[in-house]
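Peer 1: For reference, the structure I am asking about is given below.
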Amino acid sequence: MANNKNNKNNNKKIDFLTPKEIVKELDKYVIGQDRAKKSVAIALRTRFRRNNVPPSIIDDIVPKNILLIGPTGVGKTEIARRIAKLSDSPFIKVEASKFTEVGYMGRDVESMIRDIVETAYISERAKETEYVIEKAKQNAEELLLDLLVSPPPRMPKKNGANIETNNGKSSYINTREKFRIMFKEGKLNDRFVEMEVKSLSRSPVPVIEIFSQSGMDDIGQDFKDMFSNMFPKQKKLEKIRVPEAYDILVREESERLVDIDKVIKDAIQSVENSGLIFIDEIDKIASREKSYGPDVSREGVQRDLLPIIEGSNVMTKYGVVKTDHILFIAAGAFHMSKPSDLIPELQGRFPIRVEMDSLSKKDFVRILKEPKGALIKQYFELLKTENVALDFTDDGIERIAEIAEEVNLKTENIGARRLHTILEKVMEGISFDAPFKASKKVVVDKAYVDDRLIDIVKDEDLSRYIL
């Protein structure tokens with residue numbers, strides 16, 4: 001019931017987000033890249049449309065996978081992560097370069113499906129736990145009162161049944177209610193209760209390490225789960241403070257009340273209908289040249305990716321998952337290769353291709369100032385905890401942006417990530433001295449930035465190592 005409510009709310013949420021509204025939401029976190037935002041906005045809206053078409057055609061409508069082309073640090077991952085949050089979809093990011101062809105040691109491509117199902121399972125379980133938490137708290141409170149207040153005496157009847165004495169029962173109820181009030185008012189926080197606690201660390205589960213071929217990368221965890229179920233968890237009596245005992249009881253009750261079968265079913269449905277997998281560094285498996293050694297399986301990885309992206313059934317520990325309607329967004333810098341170096345079959349699985357724009361000084365200024373989690377806002381709030389008032393002037397921000405653009409041109413272009421390095425160097429002295437500063441106001445202007453960075457920027461070799 002809980003997840004049905006959540007699904008209804010999610011559908012309603014997506015229903016009111018037109019492609020323009022989705023782009024507007026992305027603008028809060030990612031500067032520029034309008035073409036990429038437009039493409040993912042259409043893909044997200046198409047999912048809503050698919051959920052509302054006649055059932056006879058719904059299985060025939062497959063996602064239009066997207067290939068983002070551009071240097072690192074321009075917003076590829078952030079765009080994918082934000083649309084996943086926006087639609088409350090299961091999301092994982094994987095690096096194509098970490099996969100190996102079946103038959104080689106390493107991770108196989110099906111592990112990405114197992115990972116996203118695990119992510120969805122954790123999310124759905126959290127939702128279900130939230131739904132039952134009030135009931136769990138009520139049960140935990142009653143169990144705690146059972147530990148605090150001894151039950152009334154029982155007297156035997158002639159027929160052998162036991163009954164509680166009226167006086168004893170009345171006194172017990174009154175005492176129990178008094179303890180309930182004391183517990184809620186926090187007057188029992190220093191009292192101890194004796195209760196059984198599961199001792200996971202002392203369970204006699206043998207330690208097993210599994211070294212396996214690709215395709216079996218999570219078998220070790222499966223073996224550990226199996227042996228955990230075979231050997232019962234040890235319990236022992238411990239004296240615990242009332243608040244801690246209550247927390248333990250709430251956790252145990254919520255675990256008992258959660259319907260695991262429903263959680264698994266909802267997790268699989270969520271992955272199959274709204275899962276989003278971001279495959280980064282796909283350019284690193286794009287070379288068609290004959291290679292040997294560690295790179296020998298690159299084309300094999302592409303061929304292994306084909307059935308997953310096209311649509312196939314993958315076995316996970318929670319059951320079989322169909323990948324037909326998972327949305328795949330692949331990305332790569334393509335400095336040493338080009339999209340046409342991918343095998344033709346895989347190229348056809350990414351019909352939408354978007355070339356990302358390199359970031360200019362103007363973009364860097366906006367990145368520093370505009371997004372919700374802008375770097376300047378982060379530093380301001382961090383130093384505010386030390387009662388230091390940080391003031392970035394416009395010329396100071398522009399100078400930081402100018403240096404970022406200059407260093408990206410001279411050395412490796414790492415996009416907006418360059419700002420992290422430069423700002424950390426600018427703020428190093430302030431961050432170190434913040435707790436002891438006599439003056440609690442610091443102005444970061446152009447002169448301040450130059451004073452800390454100009455020598456490093458002029459020395460190209462030095463800037464390669466430091467900035």
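The values are calculated or read from the model by the stated rules, or taken from the named source; none is laboratory data. Note that the structure is a prediction, hence the values are computed from the model and not measured. Note that each Cβ is placed from the backbone with ideal geometry, even for glycine, and that neighbours are counted across all protein chains shown. Accessible surface is based on the protein model in full, side chains and every heavy atom, while ligands, DNA and RNA are left aside. Shrake-Rupley method; radii C 1.70, N 1.55, O 1.52, S 1.80 Å.
Peer 1: Beta carbons within 10 angstrom, averaged per residue: use that to sort the peptides 404-414, 376-386, highest first. Mind showing how you got there, number by number?
Peer 2: Values: 404-414: 18.0, 376-386: 14.5.
Peptide ranking by packing, descending: 404-414, 376-386.
Peer 1: Once you have the Cα-Cα distance between residue 58 and residue 182, take 0.36 nm times their residue separation minus that, and quote the gain in nm to one decimal. Can you show the working numbers first?
Peer 2: On the way: separation 124, 0.36 × 124 = 44.64 nm, distance 5.75 nm.
Taking 0.36 nm per residue and subtracting the Cα distance, the gain is 38.9 nm.
Peer 1: Modelled label-to-label distance, residue 170 and residue 241, 7 Å Cα→beta-carbon offset: nm?
Peer 2: Going from the residue 170 label point to the residue 241 one covers 3.8 nm.
Peer 1: Given 20 °C and 1.002 mPa s, compute D for the stretch 256-407 with the Stokes-Einstein relation, Rh being the Kirkwood radius over Cα pairs; round to the nearest whole µm²/s. Please report the intermediate quantities before stating the final value.
Peer 2: Numbers: Rh = 20.0 Å.
Result for D is 107 µm²/s.
Peer 1: Another question, if that's okay. Kindly flag which residue pairs out of 28/322; 85/369; 85/284; 410/437; 76/437; 20/265 have an alpha-carbon separation exceeding 31 Å in this structure.
Peer 2: Going by Cα-Cα distance, 28/322; 410/437; 76/437; 20/265 fall outside the 31 Å limit.
Peer 1: For residue 28 and residue 265, FRET efficiency with R0 = 45 Å and r from the beta-carbon atoms, rounded to 0.05?
Peer 2: Working: r = 34 Å, r/R0 = 0.76.
Efficiency, from the Cβ-Cβ distance: 0.85.
Peer 1: On a full-extension model of 0.36 nm per residue, what is the gain between residue 146 and residue 395, subtracting their alpha-carbon distance, rounded to one decimal in nm?
Peer 2: Values: separation 249, 0.36 × 249 = 89.64 nm, distance 6.72 nm.
Net length gain for the segment: 82.9 nm.
Peer 1: Ignoring ligands, DNA and RNA, what accessible area per residue does the stretch 326-437 give at 1.4 Å, in Å²?
Peer 2: Values: 5600 Å² over 112 residues.
On a per-residue basis, the stretch 326-437 sits at 50 Å².
Peer 1: Using a 1.4 angstrom probe, figure out how much accessible area the stretch 25-83 has per residue, in square angstrom, rounded to the nearest whole. Could the numbers behind the result be given before it?
Peer 2: Details: 2640 Å² over 59 residues.
Per residue, the stretch 25-83 has an accessible area of 45 Å².
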